[in-house]
Amino acid sequence: MLKKIVIIYGTRPEAIKLAPVVRELKKHPDLFNTVVISTGQHTNLLSQTQESLNLVPDVSFDLGDATNNLVECFTHIMNCISKYCNDNPDLVIVQGDTTTAAATALACHYNGIKVAHIEAGLRSGNKKAPFPEETNRILVDHVSDLLFPPTEISKQNLFNEGINKNVFVAGNTIVDAFKGVNLGKLPIKLFPRPYILVTVHRRENFGLPLQNICSAIKKLADDGIDIILPVHSNPNVKQTIVNRLSDHPKIHLLPAVTYLEFLKLESMCKFLLSDSGGVQEEAILHLKPILILRDVTERPEVVSSGLGTLVGTDTEKIYTEAKRLMTLNTFTIKDLHPFGTGNSSQIIVSVIKQFLN
Ligand code: UDP
């Protein structure tokens, strides 16, 4: 009998990492009725990403102003999911650690609907960093019925918390997404090289940490280094960055760019400076070093690959490490494929097939 599978996303990284899973599920219309829902947790970032990925949701929620407040966002999504899933789908799939993933997983759990969690088991060990993502992912893992940690380390994290049933290491679907694109002919504005590509958006970096990051970027630009910075649309980020970094000839502030444009910018940069989770994973795919603007990471694989360095948000530390990387031309890479080789969605879908039978 046809199984109804609902895939839910609400933010840019979820759309990127779930698009390959949607494609893989839709290859089996004889087995699955696949329904794609966007909660709209990110608004403009999500629509440009969906376009880039040719991902069209079957249903879109309108969160309105609820996106600005964690509690309102969470409760609004829980209510929408609860209503939408009242026909008891066979499985609901969530990804990662967003409010969308946590609210959906809990709503399904309360309603007796089975949940699969893609990118399970990531842990920084600090509930405040990343905030609220660390708490979200713990919650999702503990209510999920089927779990797909990307690596052995994340599987072990689950085992350490007593979660050892229906756990399958699958790699990370960000590799599948990356393998599926062709950047060759993408028309894109070219920037002087070498440049540093920067992204910053983590909630725990709002305020003073972000100001310190901006000071480091300004010092690097004052030394004549070109900086490309697609600015996240969150007003807390945008305001500080525009106030501190506009009007510098070496700092190129862009509005958030499409997924494909961003991959192209990554492919041509000298190295990355970022507090993003997905960008850490992509650094490995491009074989680019990354300075991680955080004190802890739930992706220790990036650090042990030899490409990632945790630099936190101290101005001098960021500046010194960045200057060191500017002069480095060869890097030792210890692990080329910590997140798999691009067949994660196939693994996930074949496990789902067995699970639902
Ligand atoms: N990204 C993008 N446009 C940008 C910056 C990033 O499409 O201007 C993509 C990037 O390729 C990566 C993802 O966004 O796959 C990372 O998402 P984000 O940093 O928002 O969230 P996180 O991964 O930290 O949860």
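Here, each number is a calculation from the coordinates, and none is a lab measurement. None of the values given here were measured: they were computed from a predicted structure. As a convention, Cβ positions derive from the backbone with ideal geometry for all residues, glycine included, and neighbour counts pool all protein chains shown.
Among 238, 323, 155, which comes first, then next, by fewest other beta-carbon atoms within 10 Å?
Ordered by Cβ neighbours within 10 Å, fewest first: 323, 238, 155.
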> What is the order of 252, 337, fewest Cβ neighbours within 10 Å to most?
Replying inline: 337, 252
> Quick one: if the Förster radius is 30 Å, what FRET efficiency do residue 350 and residue 304 give, using the C-beta to C-beta distance and rounding to 0.05?
Replying inline: 0.60
>> Could you give the length gained by full extension between residue 323 and residue 233, i.e. 0.36 nm per residue of separation minus their alpha carbon distance, to one decimal place?
In response: 29.6 nm
> Got a sec? How would 23, 202 order by Cβ neighbour count within 10 Å, fewest to most?
Replying inline: 23, 202
> Taking Cα pairs under 8 Å and at least six residues apart, what relative contact order does region 54-198 come out at, in percent?
Replying inline: 17
> Are there chymotrypsin sites (Phe, Trp or Tyr not before Pro) in region 280-357 that DSSP puts in a loop and that have at most 14 other Cβ atoms within 10 Å, and which ones?
Replying inline: 331
> region 236-269 to region 273-303: how many Å between their Cα centroids?
Replying inline: 18
> Stretched out fully, how many nm does the piece from residue 254 to residue 72 gain, at 0.36 nm a residue minus the Cα gap?
Replying inline: 62.5 nm
> Once the other residues with Cβ under 12 Å from the Cβ of residue 217 are scored (Lys, Arg +1; Asp, Glu -1), what is the net sum?
Replying inline: +1
>> Taking the Cα centroid of region 318-357 and of region 69-125, what is the distance between the two, rounded to the nearest whole Å?
In response: 26
> How about residue 264: which lysines have a C-alpha closer than 17 Å to its C-alpha, ignoring those fewer than 8 places off in the same chain?
Replying inline: 179, 185, 189, 288
> Is the shape of the chain rounded, prolate or oblate, going by the alpha carbon gyration tensor and its root eigenvalues a ≥ b ≥ c, with a/c under 1.5 for rounded and a/b larger than b/c for prolate?
Replying inline: prolate
>> Can I get the semi-axes of region 160-217's equivalent ellipsoid? Compute them from the C-alpha gyration tensor as square roots of 5 times the eigenvalues, in angstrom, largest first.
In response: 33, 26, 8
> With each label point set 7 Å from Cα along the Cα-Cβ vector, what nm distance links residue 128 and residue 296?
Replying inline: 1.0
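If I stretch the segment between residue 54 and residue 182 completely, what's the gain in nm (0.36 nm per residue apart, minus their alpha carbon distance), one decimal?
Result: 44.7 nm gained on full extension.
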